[in-house]
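Let me begin by presenting the structure, written as structure tokens, before commenting on it.
The values are calculated or read from the model by the stated rules, or taken from the named source; none is laboratory data. Given the structure is predicted, the values throughout are model-derived calculations rather than measurements. Don't worry about glycine lacking a Cβ; one is built from the backbone with ideal geometry, like all the others, and counts go over all protein chains shown. What goes into the accessible areas is simple: the full protein's heavy atoms, side chains included, and nothing from ligands, DNA or RNA. Shrake-Rupley method; radii C 1.70, N 1.55, O 1.52, S 1.80 Å.
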Amino acid sequence: MTISPLQKARYEYSPKLPGMLRSGISEITVKTGAPTQSVADQEVIAKLFPNTYGEPEITFEAGEAKDVTPTKKTVGVILSGGQAPGGHNVISGLYDALKALNPENTLIGFKGGPSGLIEDDFVVFDDPFINEYRNTGGFDIIGSGRTKLETEEQFAIAAEVAKKHGIDAIVIIGGDDSNTNAAVLAEYFAAHNTGVQVIGAPKTIDGDLKNEDIETSFGFDTATKTYSELIGNIERDANSAKKYWHFIKVMGRSASHVALECALETQPNICLISEEVAAKKMSLAQIANYIADAVEKRAANGDNFGVAIIPEGVVEFVPEFSKLIAEINELLAGAKADEFNALPTWADKYAFIEKGLTPESMDVFKILPTGIQQQLFLERDPHGNVQVSLIESEKLFSALVADELARRKEAGTYTGKFSPLHHFFGYEGRCAFPSNFDADYCYSLGYNAALLIENGFNGYLSKISNLSRPAEEWVAGGMPITKMMNIERRHGEDKPVIRKALVELDGKPFKFFEANRDNWAVETAYTFPGAIQYYGPAEVCDLTTRTLALEKGE
């Protein structure tokens with residue numbers, strides 16, 4: 001296999017561990033905290049998880065050497081959901097810690113996500129295998145998948161596969177849904193006395209798996225640095241050519257953490273925050289006017305260019321658009337979808353739509369560009385609903401802004417030029433070489449997971465905190481996954497799920513953005529983060545996100 005010089009150098013990088021994990025692995029002790037409770041719906045969650053609810057948070061500390069020979073263990077590991085930089089290092093840290101505890105320990109990787117566990121499709125890791133993936137991006141070491149572990153039948157199969165291989169524990173590396181499944185699986189294993197532990201690791205570039213305990217999910221640092229480099233490059237180009245407005249959509253279906261972090265890194269002219277759109281009940285017209293105001297003010301200064309960051313899921317936070325989506329889902333329910341799809345032309349389909357929507361929703365539908373209208377009636381998800389993530393919101397808003405500017409030009413209030421270009425940054429950031437922060441953080445999460453297993457914990461999330469400080473000062477431990485859970489309505493049923501963390505409008509990162517955005521809108525105040533740096537001064541190479549630094553007051 002041919003490898004690049006950077007890849008070769010990254011293989012040789014030694015990730016940093018929290019100071020408490022750097023002593024001999026047999027000298028680490030457990031400090032137990034107070035019992036925990038779920039973030040909401042405590043009585044219901046407690047009844048659903050009688051064997052794993054209310055357990056304490058724990059912290060690992062350096063202690064005296066133990067004169068105990070660890071028993072041999074076999075551990076399974078799964079990558080679940082979308083890719084995020086650093087997943088390979090979680091597995092590398094888990095492998096190294098297991099081998100440090102007992103060279104006879106075995107780590108099995110189940111291929112293709114949770115389905116690999118159900119189908120018993122696996123690989124046994126050894127040193128040469130692991131060494132090819134250290135400090136590299138992607139999930140290609142074993143692949144990932146989106147199969148959910150949520151039925152009694154699946155749990156029973158998982159228990160049989162675990163029994164067949166003599167598995168003592170399973171580590172599930174995933175986001176909020178994946179770790180919800182981990183909690184449910186842990187409860188099943190405990191209730192059925194299987195002796196199998198389940199440990200989770202917090203992954204998602206969207207940044208919405210976080211709380212007072214989990215300061216950031218892994219991959220967020222690398223992904224936002226990657227996007228910010230690209231946005232900075234575009235800003236430099238925009239300021240050079242001085243003739244284009246760039247509308248850039250970034251990942252973040254349910255939360256705007258990625259958009260906000262990229263704005264803090266690059267200081268664009270416009271950045272929409274979905275949570276603010278929802279809180280202010282902003283309409284499409286209000287959003288278009290807000291952007292058009294900045295375009296007009298910049299044009300008055302002779303600046304017919306700019307950069308706008310658009311979160312992937314922002315349209316779902318616009319009340320009138322959400323109502324439209326709900327009506328479309330109802331309009332095409334059941335056999336009506338076949339009737340609609342059989343219509344020969346878009347004109348026929350438009351007439352069908354006009355008859356089926358309320359006048360209010362039809363008014364919203366009419367202002368959408370034809371291309372966006374048609375996107376709303378493209379491929380449906382497995383439940384027959386509109387796939388909002390397929391909507392090109394960056395093109396939607398640039399078209400609405402163009403229409404508003406045309407009205408202003410006709411009224412004589414706007415005389416500038418508006419030439420929009422469009423970008424979507426998503427896959428570009430999911431498998432990048434992990435930053436030093438993510439390489440260190442992920443390795444620590446995996447190493448820590450092995451210690452949670454060694455100490456008998458079940459239904460816990462691997463937790464590394466104090467992350468705004470140097471790695472030496474990081475704190476390792478674990479928290480019960482049930483602490484993050486509440487009850488939500490999913491597909492017509494009440495389900496226990498991990499609560500998604502949205503951008504807090506009273507939080508320090510948003511408040512900093514809010515205090516500066518009016519200036520950024522009119523002035524050309526771009527900053528250029530450049531490429532991720534792996535070698536050089538720590539203040540450059542180990543720098544964490546602006547979001548985390550602001551949250552910690554640094």
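Hey, can you tell me all the residues within segment 125-148 that are among the charged types (D, E, K, R) and either within 25 Å of the chain's Cα centre (by Cα) or assigned to a loop (DSSP other than H, G, I, E, B) (or both)?
Within segment 125-148, the first condition is being among the charged types (D, E, K, R), and the residues that meet it are 126-127, 132, 134, 140, 146, 148.
Those that are among the charged types (D, E, K, R) and either within 25 Å of the chain's Cα centre (by Cα) or assigned to a loop (DSSP other than H, G, I, E, B) (or both): D126, E132, R134, D140, R146, K148.
For G116, all conditions in the list (1) out of contact with any helix residue (DSSP H, G or I) (no Cβ under 8 Å at 6 or more places or on another chain); (2) open to solvent by 40 Å² or more (accessible area, probe 1.4 Å) hold save one; what is the number of the exception?
Just one mismatch for G116, condition (2).
I need the full set of residues from segment 260-286 which are polar (S, T, N, Q) and open to solvent by 10 Å² or more (accessible area, probe 1.4 Å), in order please.
Answer for segment 260-286, where residues must be polar (S, T, N, Q) and open to solvent by 10 Å² or more (accessible area, probe 1.4 Å): Q267, S283, Q286.
Tell me whether segment 260-274 contains one or more residues that are in a loop (DSSP other than H, G, I, E, B) and among the small types (G, A, S). Walk me through it before giving the result.
To start, the set of residues in segment 260-274 that are in a loop (DSSP other than H, G, I, E, B) comprises 267-269, 272-273.
When the remaining residues are screened for being among the small types (G, A, S), the result is none.
No, there is no match, as no residue in segment 260-274 is in a loop (DSSP other than H, G, I, E, B) and among the small types (G, A, S).
Return the residues of segment 119-137 that are open to solvent by 60 Å² or more (accessible area, probe 1.4 Å) and of a type outside the set (A, V, I, L, M); say none if nothing qualifies. Please lay out each step first, then the result.
Residues of segment 119-137 open to solvent by 60 Å² or more (accessible area, probe 1.4 Å): 119, 121-122, 124, 126-128, 131-132.
Within segment 119-137, E119, D121, F122, D126, D127, P128, N131, E132 qualify.
Any idea which residue in segment 18-65 is nearest to the chain's Cα centre (by Cα), counting only those that are in a loop (DSSP other than H, G, I, E, B) and among the hydroxyl-bearing types (S, T, Y)? Give the steps one after another, and end with the answer.
Keep residues of segment 18-65 that are in a loop (DSSP other than H, G, I, E, B), which gives 18, 22-24, 36-41, 49-55, 63-65.
Those still in the list that are among the hydroxyl-bearing types (S, T, Y) too: 23, 36, 38, 52-53.
Working: S23: 32, T36: 25, S38: 22, T52: 26, Y53: 25 Å.
Going through the qualifying residues, I end up with S38.
Hey, could you check segment 414-436 for residues that are in contact with a strand residue (DSSP E or B) (Cβ under 9 Å, 6 or more places away or on another chain) and not small (G, A, S) and say which is least open to solvent (accessible area, probe 1.4 Å)?
Step one: of segment 414-436, the residues in contact with a strand residue (DSSP E or B) (Cβ under 9 Å, 6 or more places away or on another chain) are 418-426, 429, 434.
Still in the running and not small (G, A, S): 418, 420-425, 434.
Details: F418: 41, P420: 46, L421: 63, H422: 71, H423: 46, F424: 73, F425: 20, P434: 0 Å².
Selected residue: P434.
Going by the conditions given, is A158 at pLDDT 95 or above, under 19 Å from F457 (Cβ atoms) and hydrophobic (A, V, I, L, M, F, W, C)?
On the way: at pLDDT 95 or above: yes; under 19 Å from F457 (Cβ atoms): yes; hydrophobic (A, V, I, L, M, F, W, C): yes.
Criteria met by A158.
Within segment 1-13, is even one residue of a type in the set (A, V, I, L, M) and open to solvent by 70 Å² or more (accessible area, probe 1.4 Å)? It would help to see each step written out before you state the result.
Taking segment 1-13 and keeping what is of a type in the set (A, V, I, L, M), we get 1, 3, 6, 9.
Filter once more, so that each one left must be open to solvent by 70 Å² or more (accessible area, probe 1.4 Å): 1.
The answer is yes; a qualifying residue exists.
Suppose we filter segment 509-529 for residues that are part of a loop (DSSP other than H, G, I, E, B) and open to solvent by less than 40 Å² (accessible area, probe 1.4 Å); how many remain?
Of all residues in segment 509-529, those part of a loop (DSSP other than H, G, I, E, B) come to 523-529.
Then keep just the ones that are open to solvent by less than 40 Å² (accessible area, probe 1.4 Å); that gives 525-526.
Within segment 509-529, residues that are part of a loop (DSSP other than H, G, I, E, B) and open to solvent by less than 40 Å² (accessible area, probe 1.4 Å) number 2.
Give N329, N341, N301, N289 a once-over and let me know the one that is open to solvent by 10 Å² or more (accessible area, probe 1.4 Å) and either among the hydroxyl-bearing types (S, T, Y) or touching a strand residue (DSSP E or B) at 6+ places or on another chain (Cβ under 8 Å) (or both).
Details: N341 fails: either among the hydroxyl-bearing types (S, T, Y) or touching a strand residue (DSSP E or B) at 6+ places or on another chain (Cβ under 8 Å) (or both); N301 fails: either among the hydroxyl-bearing types (S, T, Y) or touching a strand residue (DSSP E or B) at 6+ places or on another chain (Cβ under 8 Å) (or both); N289 fails: either among the hydroxyl-bearing types (S, T, Y) or touching a strand residue (DSSP E or B) at 6+ places or on another chain (Cβ under 8 Å) (or both).
Result of the check over N329, N341, N301, N289: N329.
Considering only segment 401-413, state which residues are crowded, with 18+ Cβ neighbours inside 10 Å and either acidic (D, E) or at pLDDT below 95 (or both).
Scanning segment 401-413 gives a single hit, E404.
I'm trying to understand the selection: among the residues of segment 320-349, which are assigned to a loop (DSSP other than H, G, I, E, B) and on the phi < 0 side of the Ramachandran plot?
If the condition is that a residue be assigned to a loop (DSSP other than H, G, I, E, B) and on the phi < 0 side of the Ramachandran plot, then L332, A333, A335, A342, L343, P344, T345 are the ones that fit.
Looking only at segment 60-87, how many residues end up being closer than 22 Å to G174 by Cβ, touching a helix residue (DSSP H, G or I) at 6+ places or on another chain (Cβ under 8 Å) and surrounded by 20 or more Cβ atoms within 10 Å (Cβ to Cβ)?
Taking segment 60-87 and keeping what is closer than 22 Å to G174 by Cβ, we get 73-87.
Among the residues that remain, those that are also touching a helix residue (DSSP H, G or I) at 6+ places or on another chain (Cβ under 8 Å) are: 73-81, 84-87.
Add one more test, that the residue is surrounded by 20 or more Cβ atoms within 10 Å (Cβ to Cβ), and what stays is 73, 75-81, 84-87.
Residues meeting the conditions: 12.
Can you tell me how many residues in segment 489-508 are open to solvent by less than 30 Å² (accessible area, probe 1.4 Å) and assigned to a helix (DSSP H, G or I)? Write out each step before concluding.
The first filter runs over segment 489-508 and keeps only residues open to solvent by less than 30 Å² (accessible area, probe 1.4 Å), leaving 496-498, 501, 503, 507.
Of the ones still in play, those that are also assigned to a helix (DSSP H, G or I) are none.
Total meeting the criteria: 0.
Is one or more of the residues making up segment 536-552 farther than 27 Å from Y460 by Cβ and polar (S, T, N, Q)?
The answer is no, given that none of the residues of segment 536-552 is farther than 27 Å from Y460 by Cβ and polar (S, T, N, Q).
Quick check on my filter: what residues within segment 263-296 are of a type in the set (A, V, I, L, M, F, W, C) and within 26 Å of A501 (Cα to Cα)? Please lay out each step first, then the result.
Of all residues in segment 263-296, those of a type in the set (A, V, I, L, M, F, W, C) come to 263-264, 270-273, 277-279, 282, 284-285, 287-288, 291-292, 294-295.
Scanning segment 263-296 gives A263, L264, I270, C271, L272, I273, V277, A278, A279, M282, L284, I287.
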